[in-house]
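**Student:** After the structure tokens below, expect a handful of questions from me.
The values are calculated or read from the model by the stated rules, or taken from the named source; none is laboratory data. Computed from a predicted structure; not experimentally measured. Please note: Cβ atoms are built from the backbone with ideal geometry, for glycine as well, and neighbour counts cover all protein chains shown.
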Number of protein chains: 2
Amino acid sequence: MNEPLTLSVADEELALLTDLYQLTMIQAYWKEAMHDTPATFSLFFRQLPPSRRFILACGQQHAAATLSQLHFNAAAIEKLASTERFDDDFLSWLANWRFSGDIWTVPEGTPLFPHQPLLEVDAPIAEAQLLESLVMNLVQLESVLASKAARIVWAAGNRPVVDFGMRRMHGIDAAVRGVRAYKAAGLSGTSNVLGGLRHDLALNGTMAHSYILAHDDEPSAFRAFARHYPNTTLLVDTYDTLQGVRHVIDMLRDIPDLSVSAIRLDSGDFGQLASEARALLDDAGFSRIKIIASSGLDEHGIADLVAQNAPIDAFGVGTQMGVSADAPVIDLSYKLVEYDAQPRAKHSPGKINLPSRKQVYRRQDTAGRYTGDTIAQRDETDIAGEPLLRPVVKNGVVDPDVMSPAQQATSRVADTLPRFPASVTALEQGESDYPVELSDALKHLSSTV
Amino acid sequence: MNEPLTLSVADEELALLTDLYQLTMIQAYWKEAMHDTPATFSLFFRQLPPSRRFILACGQQHAAATLSQLHFNAAAIEKLASTERFDDDFLSWLANWRFSGDIWTVPEGTPLFPHQPLLEVDAPIAEAQLLESLVMNLVQLESVLASKAARIVWAAGNRPVVDFGMRRMHGIDAAVRGVRAYKAAGLSGTSNVLGGLRHDLALNGTMAHSYILAHDDEPSAFRAFARHYPNTTLLVDTYDTLQGVRHVIDMLRDIPDLSVSAIRLDSGDFGQLASEARALLDDAGFSRIKIIASSGLDEHGIADLVAQNAPIDAFGVGTQMGVSADAPVIDLSYKLVEYDAQPRAKHSPGKINLPSRKQVYRRQDTAGRYTGDTIAQRDETDIAGEPLLRPVVKNGVVDPDVMSPAQQATSRVADTLPRFPASVTALEQGESDYPVELSDALKHLSSTV
């Protein structure tokens, strides 16, 4: 094929995963002796996608830790030299470069609203600029997927949701790192072996239609699979769903040694089929056998089934969640907000940003319900509420005492989402009435920079 | 963080990037001594997304070559053992497994319609099943992105299109391998350094707003950048686009040694701003300076600008292309179509597939215009047209004589798209009238299996 066959991107290559202009701008700063001037960049979004009422910030700690390790190895420097855009002196500087700044992030699994930073970088401008493209790519993926998954988990209430979507996701990294975002959002399991093993989410799996089709008939396939896997899940819709359920019942009556823990519906009208399947199973004395539904489900389909009390015990979700089909992108921006201790802002139409380093304060009432946020300058004092941004990297080094364990993201989401007003967690399109204000000082600054 | 910090997925780990049920089904086949039964699986889509009139098949040769190398190394076997779902005997078999079958694909960059295979695998059923999840993930990504990018390139006509979307794409693999798909679709360049270097697409880059904001004023920033980079592109919209253009003109008049090859508009009404900027530049004698537009563009925005003859010389596209926002997923299926030399098909409502191994024949008239396709059984003879599927992997080994070089994909797209009727290449939502028929034999078989 005359092309590299490897699909892998090594951690060592990540410094080159950037937009060319970052490197040309940094070389320009370096030539102008501006590269060491202190700066702050802020990662935020200006507006929510129409189908989202909050973004679940995810991946920003993971990204911060990665960015603190970033460097250009000899192979990367050689590749840059081959582009004939960079001076040898600059490349020598780049070869010795390590990130020396601070990175502030909100904890993974924090629901955020427009103009609230997910992450801020305080560093010499060349260093902060160097991180832009990669930090946006990394945080985008996990936040897009976690935001979608959180809605699906919310819709399902206390019924488990399992990820079946690996095949639909955008490539290898999305499939593997996506499981990390799903775990934060509260999924119960995944079919994705590598993703589940790497990010410690339970592995789930049933069977595919091809297994049924490879056998002479459905009963033979069920018998063979149930013999190999006690308490397995059988897929019943290959030919006719209710006939499939009857085949399961007949098998369990004929061969009492076999056991089945669940059946999976993968097509048709889930509400009706689940009710009819439940009745068949209950009438036959198999009320312990659970019903799992999968295929084409998203938060709206799940909410409908839950509202009609469909007897479905767990949901498998794939396509819609795997690409966050209704909002595959967040309008993330990474903007210079402070340069040489002076606040900066961009004034392009529709692309304004708030100047200066920031902190977000989240207030709650005595019952623990969130009542509103204030976006303030980072050094303001006496703002009510819990500050959300913390310095997870200091002077280029990860601070393990500040960085919250990834495992905590899951419980954070489960704990915090119910404390927001219903207008934040509502699934239909629309805006929440959750108050997010600017501090007086930030308001004043924004009108003057 | 108590979690692995690496973001990379090594080629050696890819065998584990699968859905758990593939492995449990294969173990079942193995226990039933069915694993060596010959089978054929077909990768196709049942329907087009509403906003697509064809899918540009991309990544299937790349995937075939990868799949032919797949194996479970000792670390992978150990991880599977840790799940306590697999017998030692089976894991020994898996450790020694290598793909031994054939893989047929259409050439990269082939426009396809529903039910036409992108790829077929002839192999013992356990082997073909083992490839399912990974082949779908790999081909999905490149075909989704190439299909979107082809529309954008088509809309731009002879004006170059450059990829600026790395930061919006779904993770590392999407960003890097996406450039391969963009190249096939005909993009002229990319800002993505690692993607461009790996997949041999020209690197392009301009400057960001932060560079302007880091300087005392726009003219200082322009002067500094133009001094470092002769014939560069300057971003003119940070404060006021037309004022920015005037700053460029003033600079070039004041300092004749400096040169600028283009200006970039990144916000506002591109049609109007481009006309006004063009007039300013032309009046000042700088008609050689080109105008590049970027920000929020997709094929529809570009087609509008082209239709109104906006004096824009090149387009930079990011978000909409990077996630294929209007169609982030293709409804790909990988289905068992033949087992033990017998055709198979699934009958679930809305999920039917055509039985048997297939070939697609594409007919053209004497002027080279495509006139229609026939989907046939693979062993049929006397079907008119060019057969699209070729065996790129035989007995587990890539056949370099059959596999077309990746570079050819670009010229294939450029050559073939104009030969389809306008209803195939039209950008608005709707269906083409391009005829795709089943052969009589396949029609008959479909009604009887």
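**Student:** What is the residue count in region B:156-180 for residues that are away from every other protein chain (no Cβ under 14 Å) and either crowded, with 24+ Cβ neighbours inside 10 Å or free of Cβ contacts under 8 Å to residues at least 24 places away in the same chain (or both)?
**Tutor:** First pass over region B:156-180, keeping only residues away from every other protein chain (no Cβ under 14 Å): B:156-161.
Checking which are either crowded, with 24+ Cβ neighbours inside 10 Å or free of Cβ contacts under 8 Å to residues at least 24 places away in the same chain (or both) leaves us with B:158, B:161.
Counting residues in region B:156-180 that are away from every other protein chain (no Cβ under 14 Å) and either crowded, with 24+ Cβ neighbours inside 10 Å or free of Cβ contacts under 8 Å to residues at least 24 places away in the same chain (or both) gives 2.
**Student:** In this structure, is B:ALA202 of a type in the set (A, V, I, L, M), in contact with a strand residue (DSSP E or B) (Cβ under 7 Å, 6 or more places away or on another chain) and either farther than 18 Å from B:THR233 by Cβ or at pLDDT 95 or above (or both)? I'd like the intermediate steps shown before the answer.
**Tutor:** Numbers: of a type in the set (A, V, I, L, M): yes; in contact with a strand residue (DSSP E or B) (Cβ under 7 Å, 6 or more places away or on another chain): yes; either farther than 18 Å from B:THR233 by Cβ or at pLDDT 95 or above (or both): yes.
Taking the combined requirement at face value, the residue satisfies it.
**Student:** In region A:254-268, which residues are over 26 Å from A:GLY186 (Cβ atoms) and either in contact (Cβ under 8 Å) with a residue 12 or more places away in the chain or crowded, with 16+ Cβ neighbours inside 10 Å (or both)?
**Tutor:** Of all residues in region A:254-268, those over 26 Å from A:GLY186 (Cβ atoms) come to A:254-260, A:267-268.
Across region A:254-268, the qualifying residues are A:ILE255, A:LEU258, A:SER259, A:VAL260, A:SER267, A:GLY268.
**Student:** Among the residues of region B:434-444, how many are exposed (fewer than 14 other Cβ atoms within 10 Å of the Cβ) and either among the hydrophobic types (A, V, I, L, M, F, W, C) or not assigned by TED's automatic domain parsing to the domain that holds B:ASP379 (or both)?
**Tutor:** Qualifying residue count for the region: 0.
**Student:** Considering only residues that are free of Cβ contacts under 8 Å to residues at least 12 places away in the same chain and not aliphatic (A, V, I, L, M), which ones fall in region A:198-218?
**Tutor:** Quick first cut of region A:198-218, residues free of Cβ contacts under 8 Å to residues at least 12 places away in the same chain only: A:210, A:214-217.
Passing the criteria: A:SER210, A:HIS215, A:ASP216, A:ASP217.
**Student:** Can I ask one more? Modelled with pLDDT of 95 or more and buried (at least 22 other Cβ atoms within 10 Å of the Cβ): is that true of A:ALA214 in this structure?
**Tutor:** no
**Student:** Something else now. From the set of residues in region B:269-295 that are in contact with a Ser or Thr (Cβ under 9 Å, 6 or more places away or on another chain), more than 15 Å from B:ALA155 (Cα to Cα) and not basic (Lys, Arg), which is surrounded by the fewest Cβ atoms within 10 Å (Cβ to Cβ)? Outline the logic, then answer.
**Tutor:** Of all residues in region B:269-295, those in contact with a Ser or Thr (Cβ under 9 Å, 6 or more places away or on another chain) come to B:270, B:273, B:276-278, B:281, B:288-290, B:292, B:294-295.
Checking which are more than 15 Å from B:ALA155 (Cα to Cα) leaves us with B:270, B:273, B:276-278, B:281, B:288-290, B:292, B:295.
When the remaining residues are screened for being not basic (Lys, Arg), the result is B:270, B:273, B:276-277, B:281, B:289, B:292, B:295.
On the way: B:PHE270: 26, B:LEU273: 21, B:GLU276: 15, B:ALA277: 24, B:LEU281: 23, B:ILE289: 24, B:ILE292: 23, B:SER295: 20.
Among them, the one singled out is B:GLU276.
**Student:** Could you check region B:25-63 and list, in sequence order, the residues that are out of contact with any Leu (no Cβ under 7 Å at 6 or more places or on another chain), away from chain A (no Cβ under 12 Å) and either crowded, with 22+ Cβ neighbours inside 10 Å or in a helix (DSSP H, G or I) (or both)?
**Tutor:** The answer is B:ARG53, B:LEU56, B:CYS58.
**Student:** So A:VAL248 clears everything in (1) more than 10 Å from chain B (Cβ to nearest Cβ); (2) closer than 29 Å to B:ALA39 by Cβ; (3) in contact with a Ser or Thr (Cβ under 6 Å, 6 or more places away or on another chain) except one condition, right? Which one?
**Tutor:** Going through (1) more than 10 Å from chain B (Cβ to nearest Cβ); (2) closer than 29 Å to B:ALA39 by Cβ; (3) in contact with a Ser or Thr (Cβ under 6 Å, 6 or more places away or on another chain) one by one, A:VAL248 breaks only (3).
**Student:** Given the structure, is B:GLY430 at positive phi and surrounded by fewer than 12 Cβ atoms within 10 Å (Cβ to Cβ)?
**Tutor:** Yes; evaluated as a whole, the condition is true for this residue.
**Student:** Could I ask something else about it? Just a yes or no: is a residue in region A:285-301 within 14 Å of chain B (Cβ to nearest Cβ) and β-branched (Val, Ile, Thr)?
**Tutor:** Looking for residues that are within 14 Å of chain B (Cβ to nearest Cβ) and β-branched (Val, Ile, Thr), one finds at least one in region A:285-301, hence yes.
**Student:** Restricting to region B:181-221, count the residues that are touching a Lys or Arg at 6+ places or on another chain (Cβ under 6 Å) and more than 8 Å from chain A (Cβ to nearest Cβ).
**Tutor:** If we filter region B:181-221 for residues that are touching a Lys or Arg at 6+ places or on another chain (Cβ under 6 Å), which is where we start, we get B:197, B:199, B:201, B:206, B:209, B:213.
Applying the additional criterion that residues be more than 8 Å from chain A (Cβ to nearest Cβ) yields B:201.
Number satisfying all stated conditions: 1.
**Student:** Moving on to the next point. Hey, can you tell me all the residues within region A:96-154 that are more than 25 Å from A:ASP373 (Cα to Cα) and among the small types (Gly, Ala, Ser)?
**Tutor:** Within region A:96-154, A:SER100, A:GLY101, A:ALA123, A:ALA126, A:ALA128, A:SER133 meet the criteria.
**Student:** If you go through region A:394-423 one residue at a time, how many are among the β-branched types (Val, Ile, Thr), surrounded by 15 or more Cβ atoms within 10 Å (Cβ to Cβ) and either touching a helix residue (DSSP H, G or I) at 6+ places or on another chain (Cβ under 8 Å) or within 19 Å of A:TYR182 (Cβ to Cβ) (or both)?
**Tutor:** 4
**Student:** Hey, among the residues in region A:92-105 that are in contact with a helix residue (DSSP H, G or I) (Cβ under 7 Å, 6 or more places away or on another chain) and either of a type in the set (Val, Ile, Thr) or surrounded by fewer than 18 Cβ atoms within 10 Å (Cβ to Cβ) (or both), which one's farthest from A:SER356 (Cα to Cα)? Let's see the steps before the verdict.
**Tutor:** Going through region A:92-105, the residues in contact with a helix residue (DSSP H, G or I) (Cβ under 7 Å, 6 or more places away or on another chain) turn out to be A:93-95, A:99-101, A:103, A:105.
So of that shortlist, the ones also either of a type in the set (Val, Ile, Thr) or surrounded by fewer than 18 Cβ atoms within 10 Å (Cβ to Cβ) (or both) come out as A:93, A:95, A:100, A:103, A:105.
Working: A:TRP93: 29, A:ALA95: 31, A:SER100: 20, A:ILE103: 15, A:THR105: 16 Å.
The qualifying residue farthest from A:SER356 (Cα to Cα) is A:ALA95.
**Student:** Yes or no: B:ASP382 over 30 Å from B:ASN96 (Cα atoms), out of contact with any Ser or Thr (no Cβ under 8 Å at 6 or more places or on another chain) and either within 14 Å of chain A (Cβ to nearest Cβ) or not hydrophobic (A, V, I, L, M, F, W, C) (or both)? Break it down stepwise before answering.
**Tutor:** On the way: over 30 Å from B:ASN96 (Cα atoms): yes; out of contact with any Ser or Thr (no Cβ under 8 Å at 6 or more places or on another chain): yes; either within 14 Å of chain A (Cβ to nearest Cβ) or not hydrophobic (A, V, I, L, M, F, W, C) (or both): yes.
For B:ASP382, the condition - over 30 Å from B:ASN96 (Cα atoms), out of contact with any Ser or Thr (no Cβ under 8 Å at 6 or more places or on another chain) and either within 14 Å of chain A (Cβ to nearest Cβ) or not hydrophobic (A, V, I, L, M, F, W, C) (or both) - is met.
**Student:** If we keep just the residues of region B:73-88 that are of a type outside the set (Val, Ile, Thr) and more than 19 Å from A:PRO230 (Cα to Cα), which is surrounded by the most Cβ atoms within 10 Å (Cβ to Cβ)?
**Tutor:** Taking region B:73-88 and keeping what is of a type outside the set (Val, Ile, Thr), we get B:73-76, B:78-82, B:84-88.
Filter once more, keeping what is more than 19 Å from A:PRO230 (Cα to Cα): B:73-76, B:78-79.
On the way: B:ASN73: 13, B:ALA74: 9, B:ALA75: 12, B:ALA76: 21, B:GLU78: 11, B:LYS79: 16.
The selected residue is B:ALA76.
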